[in-house]
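Notes for the one structure printed next.
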Amino acid sequence: DNQSIATMARNTITAVFPLLLILLSIASSTFGFTAPSQNQRLTPPSARYASTTEGGGDPSEVIARKIVVCGDVDGGYYRSCVKNEGSRFRKLSGTMSPPDDSKKAEILVEGRRKMVDGFVRWCERGNVGLSQRITVESVKEEDPTGLYDDFYVPTGRDD
């Protein structure tokens, strides 16, 4: 009978909805998801660093940036993500400082303006993988050197 099916569906939704709210609450507190308030303005993180997007120069111009990142930067997973994002996906060249115990690393990147600015935005996202949390401490304009023909990321392994 259609009424009993509708009643059963309504009861199921009524029972499941509070559980979904609880799961959403746990996920937001665990992974840092927050909904913006009505009065909160959404601005891209790259707006904090005027040099990364300032002037809107020629997208094909070769530029360089030094990006200082903090957090879980010593792990091999983050380092391989930096290498993949920089060289394979964006065709950039540069290097990342070797791992140490400081929880801080410098990434020197060179390439076309459009790709470098995209790489900076990727770094600013900060959520790499399931547990790595990264923050960008600073982005500084550098002069391109042309020293690198690829993206080199040392892992700290001696082999």
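The values are calculated or read from the model by the stated rules, or taken from the named source; none is laboratory data. Everything numeric in this text was worked out from a predicted model, so none of it was measured. Because the Cβ atoms are built from the backbone with ideal geometry, glycine has one as well, and the counts that use them run over all protein chains shown. To get the accessible areas, we keep the full protein, side chains included, count just its heavy atoms, and leave off ligands, DNA and RNA. Shrake-Rupley method; radii C 1.70, N 1.55, O 1.52, S 1.80 Å.
Ignoring ligands, DNA and RNA, how do SER102, SER138 rank by accessible area with a 1.4 Å probe, largest first? The partial results should precede the final answer.
Working: SER102 65, SER138 25 Å².
Order by accessible area, largest first: SER102, SER138.
Go through ILE22, ILE67 and list them by solvent-accessible area, largest first, probe radius 1.4 Å.
Numbers: ILE22 95, ILE67 0 Å².
Ranked list, largest accessible area first: ILE22, ILE67.
Leaving out ligands, DNA and RNA but keeping every protein chain, what accessible area does LEU20 have, in Å² rounded to the nearest 10, with a 1.4 Å probe?
100 Å²
Modelling each spin label as a point 7 Å along the Cα-to-Cβ direction, I'd like the LEU23/ASP149 distance in nm, to one decimal.
For the pair LEU23/ASP149, the computed spacing is 5.2 nm.
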